[in-house]
Amino acid sequence: MIEKKTSIFGSSLIWFGAAISIAEIMTGTLLAPLGMKKGIAAILLGHLIGCVLFYFAGLIGGETGKSSMETARLSFGQKGSLLFSVLNVIQLAGWTAIMIIGGARAAGSISASLTGANMEWLWSLIIGGLILVWILIGVTGLGKINTVVMSALFLLTIIMSVIVFKGKSPSLAEGSISFGAAVELSVAMPLSWLPVISDYTRTAQKPRSATLASTVTYFIASSWMYLIGMGAAVYTAESDIAAIFLKAGLGAAGLIIFIASTVTTTFLDTYSAGVSAASISSKFNAKKVAVFVCVIGTALAILAPIEQFENFLYLIGSVFAPMIAVMIADYFLLKQDFSRESFNIRNLILWGVGFIIYRIFMRIDTPVGNTLPVMFIIILLSVITYQFVRRTQTC
């Protein structure tokens, strides 16, 4: 079966929907202690770092026509890449639950003020049901629906921006954060999509143009969401976005934003979980796995204390920065392909070293965060070890 190709505009809509996220707004509130000037600088620098990696990771999938976890075979071998596929399915299932409960709690706060009933469990079911609809329609079938939904979200986020910034004086936010830590928080969101991006660029009609358009769109929209979150904390002294909407009398508009943004973002998680599962074994049907992940995520959102999963998910997420560094070095610099091997021990060791260095750098405050230096070190080590192996083989 020939898979329908996505247009440049369609690719951009997908990543606009991914960026319009409550999670990104809430992360932006954490940067408020820096103040607006330094905060904006941290947002832009962090997103520049993260989106450069985002672009190269997506370009590998776009040029090869392979999914994110299939591209991992190029560096780690057929069986070596399975480790990352399994970890990716786990983290995406967890993020599905976290995104659903985040959207449900925000929607519940607004509905409680409007009707007197919070009903978070019902909002979880509604959001989960809408995600299922998105999954069943599929990425390439969402063109017109996405255009309508993204247009509505665009207008509503403009309204949200006006509410946050209009006619208010900045106030000093409580807490403290270093510039480097703020940069790293800004890198975090584009970094979280690195093991996902190729699942969408692989179907692009024009891989390079679609990947660039997706990257630019995500950079602008995600930076905008961070800015709204930071501005909410600085200008309104309020980090609860639902509360801001209620004060402005935009409860219904708030509901639409929270539900639609949660659906469009979380759909990407569930869909990619299915694609990653299919890369583990051909016995897995991507769409069926995506449906299963959505159902499990919805159940966890209703029944489990999701907060306990977050630290584990951040730990899992730190796996993918050194993974992508090795892949970027192999594909763009060294022109290597180990997809026919079972394992590539050298690259697996490099990834392990990168994971350790990443955890060490989490304790070091640098002006550019820890992702950039860790990626630079691993890419440099990849080139050095490659040259060493070549010399050894020729001797």
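Just checking, does the stretch 13-24 include any residue being open to solvent by 10 Å² or more (accessible area, probe 1.4 Å) and touching a Pro at 6+ places or on another chain (Cβ under 9 Å)?
no
State which residue pairs qualify: first residue under 19 Å from A260 (Cα atoms) and in a helix (DSSP H, G or I) and inside the stretch 157-169, second residue among the acidic types (D, E) and modelled with pLDDT under 75 in any location, beta carbons under 6 Å apart, and separation of 6 or more residues or different chains.
Matching pairs, first to second residue: none at all.
So I101 passes all but one of these: (1) touching a residue at least 12 places away in the same chain (Cβ under 8 Å); (2) farther than 21 Å from I280 by Cβ; (3) open to solvent by 20 Å² or more (accessible area, probe 1.4 Å). Which condition number does it fail?
(3)
Among the helices (runs of 4 or more DSSP H) lying completely within the stretch 18-135, list those that include at least 3 residues that are farther than 28 Å from G274 by Cβ.
Passing ranges, in order: 36-64, 82-115.
Return the only residue of Q91, Q78 being among the polar types (S, T, N, Q) and more than 16 Å from the chain's Cα centre (by Cα).
When all the criteria are applied, what remains is Q78.
Any chance you could count how many residues in the stretch 175-221 are farther than 30 Å from G35 by Cα, of a type in the set (S, T, Y) and surrounded by fewer than 24 Cβ atoms within 10 Å (Cβ to Cβ)? Show your work before the answer.
First, pick out the residues of the stretch 175-221 that are farther than 30 Å from G35 by Cα: 195-213.
Remaining after also requiring of a type in the set (S, T, Y): 198, 200-201, 203, 209, 211.
After this cut, where a residue has to be surrounded by fewer than 24 Cβ atoms within 10 Å (Cβ to Cβ) as well, the list is 203, 209.
So the answer is 2.
If we only count helices (runs of 4 or more DSSP H) wholly inside the stretch 306-395, which ones have 1 or more residues that are surrounded by fewer than 19 Cβ atoms within 10 Å (Cβ to Cβ) and at pLDDT below 85?
Answer list for the stretch 306-395: 307-317, 371-394.
Would the stretch 110-131 turn up any residue that is open to solvent by 50 Å² or more (accessible area, probe 1.4 Å) and small (G, A, S)?
yes
The values are calculated or read from the model by the stated rules, or taken from the named source; none is laboratory data. This one's a predicted model, so the numbers in the text were calculated from it and none came from an experiment. No Cβ is skipped: glycine too gets one built from the backbone with ideal geometry, and neighbour counts run over all protein chains shown. The protein model used for the area step is the full one, side chains on, heavy atoms only, and it has no ligands, DNA or RNA in it. Shrake-Rupley method; radii C 1.70, N 1.55, O 1.52, S 1.80 Å.
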